[in-house]
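K.L.:
Here it is, the structure in full.
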Amino acid sequence: MEKTYNPKQFEDKLYKDWEEKGCFKAVRDDSKVPFTIVMPPPNITGQLHMGHAMDETLQDTIIRFKRMQGYCALWLPGTDHASIATEVKVVEQIKEEGLSKEILGREGFLDRVWDWKHKYAGRIVEQLKKLGSSCDWSRLTFTMDEKCSKAVREVFVNLYNKKLIYRGSRIINWCPCCKTALSDAEVEYAEEDGHFWHIKYYVEGEDKFLEVATTRPETMFGDTAVAVNPEDTRYKDLIGKKVILPVVNKAIPIVGDAHADMEFGTGVVKITPAHDPNDFEVGVRHNLPVVRVMNDDGTMNELAGKYNGLDRYECRKRLVEDLKAGGYLAGIEPHAHNVGHCYRCHSTVEPLVSKQWFVKMKGLARPAIDAVTYKKISFVPERFAKTYYNWMENVKDWCISRQLWWGHRIPVWYCAGCGKEICSKTDVSVCPDCGGTNLKQDEDVLDTWFSAALWPFSTLGYPDDTSDLEYFYPTDVLVTGYDIIFFWVARMIFSGIEHMRKVPFRDVLIHGLIRDEKGRKMSKSLGNGIDPLEIIEKYGADSLRFSLLQGVAPGNDMRYSDAKVEACRNFMNKIWNASRFVIMNTEGAEIKPLSEIRLLPADKWIISKLQSAIRDVTLALNKFELGIACQIMYDFMWSDFCDWYIELVKPVLKSEDKAKRDGAVSVLVFVLENSLKLLHPFIPFVTDEIYRNIPGTSGTIMTAEFPRYNSKLAYKKDALAFSGIMDIIKEVRAVKAEMNCPPSKKVHIYITTESKRLISANEDSILKLAGAKEIKFVHSASKAGENAVTIVLAIGTLYIPMGELIDIEKEKERLSGELERVTAEIARADSKLNNMGFVSKAPKKLVDDERAKLDKFIEMREKILKQLRALTK
RNA sequence: GGGGGCAUAGCUCAGCUGGUUAGAGCGCUUGCUUGACAUGCAAGAGGUCGAUGGUUCGAGUCCAUUUGUUCCCACCA
């Protein structure tokens, strides 16, 4: 093995090997319990970013853990066609060639998109592999695959037949740039500085006017009424009369409607049913005509008269000038308000009335809410259930049609002959009613999230009753960011319940966003994104993975920092070198099972620590607390195994006694092997590379069994006793450092203790690690001579003659400090134990522990006092 | 308007169902060619856990109020 950890030498090689060995494949095995994760499919247009890296790392860690535990673990990967995002990109691309959708036509354009898909969909897959993702690639699914299309049609037709899908003219969010309808979830609001334009609407036949305030004057061509609050004494007499729409010179009614807020603005609202959701409702209540004054591209239509053809903002500008010139403008005031933007192209969306397809949500939402309420599905962390309820309980009908070409086309045909609307799972060429053959399929495609909602079952073969579907569905855990709960998680839940009659997954593990070092969101426009592939190139995939997991609490955002990845890389190097040390020592040694070794105290201590690590890591992983699991392994590996055990065992490895040496090596190998297994789900590459270098192992660690806690190896008492040895080492080191005793100068240690055997058994280690020459058991301080430092420990009292290094005053100071500390501890424990409430109500073990602690500290205090007296003499 | 999150060492953050002497990484100080590792080792400094009040034998952890910060949802023209 090389001296330094160098991931480039083995990561790609190992990944290839895993693939060739078929380690990722999940095949139904009825002797095993299935464990399924479906991957949130990345967009085919996308490149791997830090968000993916975190998402995939979490999933891969969980699936590897479960696989090693013996589950039939399936991680099903896929890619998403991302209707709008992809179409926008391809439109941009062909634009450079002087082409457009219209020129190419539907067929021609779709050919170009498929070309794009074939070119780029593989890219993200390769990037996922770089991270070490152990997905079953043989099941790689694209959301436009045949099986997904089949599922989409099945679901659409079923919902249509249940009247849960309908077509109607409603207010929707329109993106004038993408020229398509959007769902509510696809609109992002941002506050913008705008204006209130106060416009005078004169009452018909009278000389007075109503002052109307609006932020979007250009929509006034679509005004079909003016509303005042029926309670509003200022205006209630006018209800039923008419006002004359300025510029247009059309009379429109004054209606009374509670929508008009007396407190806000002038209390008069212009009603534009075609361009405002609230106005639309008012329009319905008062039976007002719906007049749409804008084209699909955001320009004004012929109803805007002389402004016909102008862009909405240009129209606004000129109209305001004209209103001013005509004396209709009563004033302008600045006004900040929230404006909706398209989540793909960020253009300002235009609410407008349009004939679209909708999914009726109320009935679907109810059981989806119940599923979470009754814990059929759990959010981790739980607080995200609240986000989910909030959305589900207020959900409006879902606009699913998109005026795009790339996507699942709506399976509805219209008969030109009789006007019949036919919704069918298969293509229709003859009208079932009139027998006419002039049928046209609906031009629109479905929202990308419509097919994504079916992902947990469409990927497993739905609507067919496949063996896979029966075995792997419902899936176990869905891992995704909190930004995607509405788009996807919520929709999968109601879809799974509706179409499969079973929830799609049992747990939803929500993670946060990765931010940059300054805490800003990573975004293209800021240019602060960090490319995970560059990080992998520089530090290795394991380092990146570990940095994304360690010390991260579920659901919380984290900041990316090179320093952290570097620290993780150092950890990899640590593991690497510790392993190198162990493997070096296996040469010429005979590795035996633990049962055949006479275990030394240090051996039992590290084995005990290992058992705790196994127990705690398993527990944490089962609760999806990966950050904690990582921390446990980091501490165990670095502190317990490397800093302590390896150092403790070094003298043993140099022993003349071969049986002793073999024993030490065997324990080293045992602990290392188990640690690697525990670490493998997090850092698959380095653990496997090392594993293969350990004599006696075969195959890959990927298929090894995850360590199980063994109570027989817990050695709780031995471990506790051994910590006394560690105390001796730590304290001697500390005193030497404090007394400025050079490390090379070996000290003598005199001990009064009742643990002679334990200390003798570890003499070599103590001498080496504490930097001592010899240990002598004595009955009193006097043996150590005058200039001795006293260290009072639970295991015994140490006296270290420091010769000329000792400074009596300094030593007194040190002991006084100790005394202070111990006294404080006694006071704390004492007050606790004197508290009747504590003694009677706290668990017995806690009280006993406290008592033992008190005794220990009291004893220590006595010894320190005695020593102080001796010095003062 | 409604709902979250965060506030713990100089910096970035852990701390799960209340019970250890409150932890880690980085940074800082002091020392170390300790034959696995300087991507390292040892010793250390550094925190009234945002504030106030409450529940409890016991609160960083639970409740209320409050300050700052941040996000999401809704949206009054």
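The values are calculated or read from the model by the stated rules, or taken from the named source; none is laboratory data. Note that this is a predicted model, so its numbers are computed, not measured. Cβ coordinates were reconstructed from backbone atoms using ideal geometry, including for glycine residues, and neighbour counts include every protein chain displayed. Ligands, DNA and RNA are stripped out before the accessible areas are found, and what is left, the full protein with its side chains, is counted by its heavy atoms. Shrake-Rupley method; radii C 1.70, N 1.55, O 1.52, S 1.80 Å.
K.L.:
Pairs A:745/A:776; A:147/A:179; A:730/A:756: which are spaced more than 22 Å apart, C-alpha to C-alpha? Before the final figure, lay out each step's value.
P.N.:
Details: A:745/A:776 18 Å; A:147/A:179 29 Å; A:730/A:756 18 Å.
Checking Cα-Cα distances, A:147/A:179 exceed 22 Å.
K.L.:
Sort A:456-466, A:642-652 for me by packing, meaning the mean count of neighbouring Cβ atoms within 10 Å per residue, highest on top. Please report the intermediate quantities before stating the final value.
P.N.:
Working: A:456-466: 21.2, A:642-652: 19.4.
Packing proxy ranking, top to bottom: A:456-466, A:642-652.
K.L.:
Computed over the Cα atoms of segment A:1-159, what is the ratio Rg over Rh, Rh following Kirkwood? Walk me through the intermediate numbers first.
P.N.:
Details: Rg = 19.1 Å, Rh = 18.1 Å.
Ratio of gyration radius to Kirkwood radius for segment A:1-159: 1.06.
K.L.:
Rounded if a/c is under 1.5, else prolate if a/b beats b/c, else oblate: with a ≥ b ≥ c from the C-alpha gyration tensor eigenvalues square-rooted, which is segment A:1-58?
P.N.:
Working: a/c = 2.32, a/b = 1.19, b/c = 1.95.
Taking the square roots of the gyration eigenvalues as a ≥ b ≥ c, segment A:1-58 is oblate.
K.L.:
Still on this structure, I have one more. What size of dipole, in debye to the nearest 20, comes out for chain A about its Cα centre when the only charges are +1 on Lys and Arg C-beta atoms and -1 on Asp and Glu C-beta atoms? Display every interim value, and only then the final one.
P.N.:
Values: 123 positive and 124 negative charges, 558 e Å.
Result for chain A is approximately 2680 debye, rounded to the nearest 20.
K.L.:
If you don't mind, another one. Roughly how many Å² of residue A:581 are accessible to a 1.4 Å probe, to the nearest 10?
P.N.:
Spelled out: residue A:581, probe radius 1.4 Å, area about 40 Å².
K.L.:
So, counting K/R as plus one and D/E as minus one, what does the shell of residues with Cβ under 12 Å around residue A:144 add up to? Intermediate results must be reported in sequence, preceding the final value.
P.N.:
Numbers: positive: A:117, A:147, A:150, A:409; negative: A:80, A:145, A:146.
Overall, the nearby charge balance is +1.
K.L.:
Turning to a different aspect of this structure: When each pair of different Cα atoms in segment A:620-661 is counted once in the 1/r mean, what is the Kirkwood radius in angstroms, to one decimal? It would help to have the intermediate numbers written out before the result.
P.N.:
Working: mean 1/r = 0.0827 Å⁻¹.
The answer is 12.1 Å.
K.L.:
Expressed as a whole percent, how much of the Cα-Cα distance distribution for segment A:727-873 exceeds 19 Å? Could the numbers behind the result be given before it?
P.N.:
On the way: 5968 of 10731 pairs.
Of all Cα-Cα pairs in segment A:727-873, 56 percent lie more than 19 Å apart.
K.L.:
Follow-up. Would you mind pulling out the separation of the Cα centroids of segment A:799-839 and segment A:146-169, in Å?
P.N.:
First find each Cα centre; the distance between them is then 76 Å.
K.L.:
Here is the link list: A:623/A:844; A:66/A:376; A:95/A:270. Which ones come out longer than 30 Å on Cα distance? Can you show the working numbers first?
P.N.:
Details: A:623/A:844 28 Å; A:66/A:376 21 Å; A:95/A:270 41 Å.
Flagged as over cut-off: A:95/A:270.
K.L.:
Restricting everything to alpha-carbon atoms, can you work out Rg to Rh for segment A:15-97 with a Kirkwood hydrodynamic radius? Each step should come with its number before you reach the end.
P.N.:
Details: Rg = 17.1 Å, Rh = 15.1 Å.
Ratio of gyration radius to Kirkwood radius for segment A:15-97: 1.13.
K.L.:
While we're here: Just going by the charge dipole of chain A, with Lys and Arg at +1 and Asp and Glu at -1 on Cβ, which of A:94, A:283, A:614 is farthest out on the positive end?
P.N.:
Result: A:614, furthest along the dipole toward the positive end.
K.L.:
Kirkwood Rh and Cα-based Rg: tell me the resulting Rg over Rh for segment A:305-447, rounded to two decimals. Numbers along the way, then the final one.
P.N.:
Working: Rg = 23.3 Å, Rh = 20.6 Å.
Rg/Rh for segment A:305-447 comes to 1.13.
K.L.:
How big is the dipole moment of segment A:499-637 about its Cα centre under a simple scheme where the beta carbon of each Lys and Arg is +1, that of each Asp and Glu is -1, and everything else is neutral? Debye, nearest 20, please.
P.N.:
540
K.L.:
Using the scaling law 2.2 N^0.38 Å as the reference, what is the normalised Cα Rg of segment A:619-688? Before the final figure, lay out each step's value.
P.N.:
Working: Rg = 14.6 Å, N = 70, 2.2 N^0.38 = 11.1 Å.
With N residues counted in segment A:619-688, Rg over 2.2 N^0.38 Å equals 1.32.
K.L.:
Tally up the carbon and sulfur contribution to the accessible surface of chain A as a whole percent, 1.4 Å probe, everything protein left in place.
P.N.:
On the way: 19100 of 38850 Å².
C and S atoms contribute 49 percent here.
K.L.:
Provide Rg and Dmax in Å for segment A:614-742, with only Cα atoms included in the calculation.
P.N.:
Looking at segment A:614-742, its Cα Rg and Dmax stand at 17.2, 53 Å.
K.L.:
Right, something else. Using per-residue counts of other Cβ atoms within 10 Å, averaged over each peptide, order A:484-494, A:789-799 from highest down.
P.N.:
A:484-494, A:789-799
K.L.:
Output ³J(HN,Hα) for segment A:238-249: one whole-Hz value per residue in order, computed from phi by the Karplus curve 6.51 cos²θ - 1.76 cosθ + 1.60 with θ = phi - 60°, and x for Gly and Pro.
P.N.:
Calculated HN-Hα couplings, in order: 7, 4, x, 7, 10, 10, 9, 5, x, 6, 7, 6 Hz.
K.L.:
Same structure again: Quick one: net charge of residue A:369's neighbours, Cβ under 14 Å, K/R +1, D/E -1? All intermediate terms of the calculation are to be shown ahead of the outcome.
P.N.:
Numbers: positive: A:362, A:366, A:375, A:376, A:386, A:491; negative: A:370, A:393, A:498.
Charge balance near residue A:369 sits at +3.
K.L.:
Next question. Run the simple label-point estimate for residue A:720 and residue A:778 please: 7 Å along Cα→C-beta, distance reported in nm.
P.N.:
Going by the 7 Å Cα→Cβ label model, 3.1 nm.
K.L.:
Under the √(5λ) rule applied to the eigenvalues of the Cα gyration tensor, what semi-axes describe the equivalent ellipsoid of segment A:106-192? Give them in Å, descending. All intermediate terms of the calculation are to be shown ahead of the outcome.
P.N.:
Numbers: eigenvalues 187, 94, 55 Å².
Square roots of five times the eigenvalues give 31, 22, 17 Å.
K.L.:
Do the sum for chain A: with -39,500 (n - 2.57) for every DSSP H run of n ≥ 4, divided by all residues, what is the mean residue ellipticity at 222 nm, to the nearest 500 deg cm²/dmol?
P.N.:
Numbers: 27 runs with 370 residues, N = 873.
That calculation yields -13500 deg cm²/dmol at 222 nm.
K.L.:
With point charges of +1 on the Cβ of Lys and Arg and -1 on the Cβ of Asp and Glu, referenced to the Cα centre of chain A, which listed residue (A:864, A:182, A:439) lies farthest in the positive direction of the dipole?
P.N.:
Result: A:864.
K.L.:
Over chain A, what portion of Cα pair distances is larger than 52 Å, expressed as a whole percent? Working shown, then result.
P.N.:
Details: 143450 of 380628 pairs.
Distances greater than 52 Å cover 38 percent of the Cα pairs.
K.L.:
Give the Rg (one decimal place) followed by the Dmax (whole number) of segment A:404-443, computed from C-alpha coordinates and expressed in Å.
P.N.:
10.1, 31
K.L.:
While we're here: So what is the relative contact order of segment A:661-808, in percent, for Cα pairs below 8 Å that sit 6 or more residues apart?
P.N.:
Working: 160 pairs, mean separation 27.7, N = 148.
After rounding, I find 19 percent.
K.L.:
Would you kindly calculate the translational diffusion coefficient of segment A:175-221, applying Stokes-Einstein with the Kirkwood radius from alpha carbon pairs, for 4 °C and a viscosity of 1.567 mPa s, and quote it in µm² s⁻¹ without decimals?
P.N.:
On the way: Rh = 14.0 Å.
Value of D from the Cα-based Kirkwood radius: 93 µm²/s.
K.L.:
Arrange the peptides A:707-719, A:545-557 so that the one whose residues have, on average, the most other Cβ atoms within 10 Å appears first. Could the numbers behind the result be given before it?
P.N.:
Working: A:707-719: 14.8, A:545-557: 21.0.
In decreasing order of mean packing, A:707-719, A:545-557 become A:545-557, A:707-719.
K.L.:
Assuming a viscosity of 1.306 mPa s and a temperature of 10 °C, what translational diffusion coefficient in µm² per second does Stokes-Einstein assign to segment A:249-388, Rh being the Kirkwood radius over Cα pairs?
P.N.:
Working: Rh = 19.2 Å.
Estimated via Stokes-Einstein, D reaches 83 µm²/s.
K.L.:
Quote the relative contact order of chain A in percent (integer), defining contacts as alpha-carbon pairs under 8 Å separated by 6+ residues. Walk me through the numbers on the way to the answer.
P.N.:
Numbers: 1511 pairs, mean separation 104.5, N = 873.
Computed value for chain A: 12 percent relative contact order.
K.L.:
Right, something else. Using 0.36 nm per residue of separation minus the Cα-Cα distance, give me the extension gain between residue A:422 and residue A:612 in nm, one decimal. If you can, show how the numbers build up before the last one.
P.N.:
Details: separation 190, 0.36 × 190 = 68.40 nm, distance 6.44 nm.
That works out to 62.0 nm of additional length.
K.L.:
Then there's this: Given that compact globular proteins tend to follow 2.2 N^0.38 Å, what is the ratio of the alpha-carbon Rg of segment A:197-271 to that value? Walk me through the numbers before you get to the answer.
P.N.:
On the way: Rg = 11.0 Å, N = 75, 2.2 N^0.38 = 11.3 Å.
Here the answer is 0.97, to two decimals.
K.L.:
Take the alpha-carbon centre of segment A:531-548, take the same for segment A:560-579, and report the distance between them in whole Å.
P.N.:
11
K.L.:
Considering only DSSP beta bridges where both residues belong to chain A, give the percentage that are antiparallel (nearest 5). Walk me through the numbers before you get to the answer.
P.N.:
Details: 66 of 93 bridges.
Taking every DSSP beta bridge within chain A, about 70 percent pair in antiparallel fashion.
K.L.:
Lys/Arg Cβ at +1, Asp/Glu Cβ at -1, dipole of chain A taken about the Cα centre: which of A:271, A:341, A:27 is farthest positive-ward?
P.N.:
Value computed over the given set: A:27.
K.L.:
Let me know the charge dipole size of segment A:527-605 about its Cα centre in debye, to the nearest 20, where only the beta-carbon of Lys, Arg (+1) and Asp, Glu (-1) is charged. Walk me through the numbers on the way to the answer.
P.N.:
On the way: 10 positive and 11 negative charges, 59 e Å.
Computed charge dipole of segment A:527-605: roughly 280 debye.
K.L.:
Here is a further query. Counting heavy atoms of the protein chains only and a 1.4 Å probe, report the per residue accessible area for chain A as a whole number of Å². Before the final figure, lay out the partial values.
P.N.:
On the way: 38850 Å² over 873 residues.
Per-residue value: 44 Å².
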